[in-house]
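Participant: Next up is a structure, given as structure tokens.
The values are calculated or read from the model by the stated rules, or taken from the named source; none is laboratory data. Quantities reported herein were computed from a predicted structural model and do not represent experimental measurements. Note that we place each Cβ from the backbone using ideal geometry, even for glycine, and neighbour counts take in every protein chain shown. Areas reflect the complete protein model, heavy atoms only, side chains present, ligands, DNA and RNA absent. Shrake-Rupley method; radii C 1.70, N 1.55, O 1.52, S 1.80 Å.
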Amino acid sequence: MPLLTVGIPIYNCEDFIQETLQNVFNELKTLEDPVEIVLCDNASTDNTQQKILAAIQQIKPEIQTLNLPIDLGKGHVLKFFPNATNLGMDKNVFNCIKNATGKFVHIHSADDYYMQGGLKRLVECIKTHPDGTVICLSNAYLNTFNNQLIYCNATDDEDAHCKNLNEFITHEQLKLLCLSNAVLRREDILRLKSVQAGFGLVWMHLYLTQQILQQDSTGYCFGFNHPVMVVRFGNQGWVKKGAIAYFYRALCIYNDLRQKGLTKPQFNKLKKHFLNGVINPQTQKSDRFFFNVVYALKYFPFYWPNIRQWLKFSGQLIFAPKQDFFHGMNNN
């Protein structure tokens, strides 16, 4: 059993997947421990499979098909699983976990990539803390409009071994909103009886994390001070479809952590960070008026008892002109 599976859910990602795999292959060269790569293609209709094969042929020219496990050398193996039909994002994320054999599964977005040495840092973390439940990676952002890296403004955020849920949430700082920051222990996920409830949330990795975390869970959070991943920011289609609804679902998943033993002060700290740092009603609103009205009402319990703040949020969500999702984004 490998220590780690890099599980990549794929759908119509011909623009990025070859570069992503080349990055993973380069990172594998720094490792002594074997790593498994699992690709689950959600019935792509573009040239994704051809791009995958092209990336593999750069290091294994003799490979002509994706049908069989591919030996990448030094014990590293790549496996390709095509879905006959599009199962939706959440089921495809879970497919990566089901088809993996590693002790931990890194749910790696098809358009993100490791910082130099990032994969080695992750493997060393697993070897040092093998009994952890969840490992939370950190990231910088790549502005896809101008190819500039954006580093999170948290230079004092260091790597931390977390001995319980409260410590984990303190250091997680909403990093798990990024798909590529989730590394989960596979056996914990397969024991769950409520996996299907996560289908359709569009936050499957966040839902699974919430389900397996317990008060006595141990985990590890990498700090923003030395990011492990680079997350592409700007190419996501969902941000233009009324992202306020997607983030509401994420906030509800975080809210469910209170049933896992999260203290009220700790949740309030997380909620405040979420509402102030993540929610921007003018960039995340829908073009549909009544859609925005509905979600203004849905967010009310999370703003209570700060009515003034909720009224400001609701006014912007319902009446203010919509701004581009990346309006005001700083580049470093």
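Participant: What are the residues in region 130-148 that are touching a residue at least 60 places away in the same chain (Cβ under 8 Å) and closer than 20 Å to H226 by Cα, if any?
Facilitator: V134, I135, C136, L137, S138, N139, A140, Y141, L142, N143, Q148
Per-residue answers, yes or no, for (1) closer than 21 Å to M115 by Cβ; (2) modelled with pLDDT of 95 or more; (3) more than 26 Å from the chain's Cα centre (by Cα); (4) open to solvent by 80 Å² or more (accessible area, probe 1.4 Å):
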position: V35; (1), (2), (3), (4): yes, yes, no, no
position: V38; (1), (2), (3), (4): no, yes, no, no
position: D41; (1), (2), (3), (4): no, yes, no, no
position: N47; (1), (2), (3), (4): no, yes, no, no
position: Q50; (1), (2), (3), (4): no, yes, no, yes
position: Q64; (1), (2), (3), (4): no, no, yes, yes
position: L68; (1), (2), (3), (4): no, no, yes, yes
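Participant: Do the conditions hold for V77, that is, is it touching an Asp or Glu at 6+ places or on another chain (Cβ under 8 Å) and within 25 Å of F224 (Cα to Cα)?
Facilitator: On the way: touching an Asp or Glu at 6+ places or on another chain (Cβ under 8 Å): yes; within 25 Å of F224 (Cα to Cα): no.
Judged against the criteria, V77 is not a match.
Participant: Suppose we filter A160, A154 for residues that are open to solvent by less than 20 Å² (accessible area, probe 1.4 Å), modelled with pLDDT of 90 or more and small (G, A, S); which single one remains?
Facilitator: A160
Participant: Name the one entry in F267, F247 that is aromatic (F, W, Y), under 30 Å from T218 (Cβ atoms) and touching a helix residue (DSSP H, G or I) at 6+ places or on another chain (Cβ under 6 Å).
Facilitator: Values: F247 fails: touching a helix residue (DSSP H, G or I) at 6+ places or on another chain (Cβ under 6 Å).
Matching residue, one of F267, F247: F267.
Participant: For the subset of region 237-289 comprising residues that are within 17 Å of Y303 (Cβ to Cβ) and among the aromatic types (F, W, Y), which member is surrounded by the most Cβ atoms within 10 Å (Cβ to Cβ)?
Facilitator: In this case the residue turns out to be Y254.
Participant: Of these, V183, V202, V231, which one is in a loop (DSSP other than H, G, I, E, B), among the β-branched types (V, I, T) and either within 28 Å of N147 (Cβ to Cβ) or open to solvent by 40 Å² or more (accessible area, probe 1.4 Å) (or both)?
Facilitator: Result of the check over V183, V202, V231: V202.
Participant: Restricted to region 104-127, and to residues that are surrounded by fewer than 17 Cβ atoms within 10 Å (Cβ to Cβ) and not charged (D, E, K, R), which residue is nearest to N47 (Cα to Cα)?
Facilitator: Once the filter is applied, the top-ranked residue is Q116.
Participant: Ok, one more. For the structure I just gave you, tell me whether I59 is part of a loop (DSSP other than H, G, I, E, B), open to solvent by 10 Å² or more (accessible area, probe 1.4 Å), hydrophobic (A, V, I, L, M, F, W, C) and more than 25 Å from V183 (Cβ to Cβ).
Facilitator: No: the conditions fail for I59.
Participant: Taking the criterion of being assigned to a loop (DSSP other than H, G, I, E, B), of a type in the set (D, E, K, R) and surrounded by fewer than 22 Cβ atoms within 10 Å (Cβ to Cβ), would at least one residue in region 128-136 satisfy it? Walk me through it before giving the result.
Facilitator: Quick first cut of region 128-136, residues assigned to a loop (DSSP other than H, G, I, E, B) only: 129-133.
Cutting the leftovers down to of a type in the set (D, E, K, R) gives us 131.
Those still in the list that are surrounded by fewer than 22 Cβ atoms within 10 Å (Cβ to Cβ) too: 131.
The answer is yes; a qualifying residue exists.
Participant: Any idea how many residues of region 19-35 are in contact (Cβ under 8 Å) with a residue 60 or more places away in the chain, of a type in the set (D, E) and under 11 Å from K120 (Cβ atoms)?
Facilitator: Selection size over region 19-35: 2.
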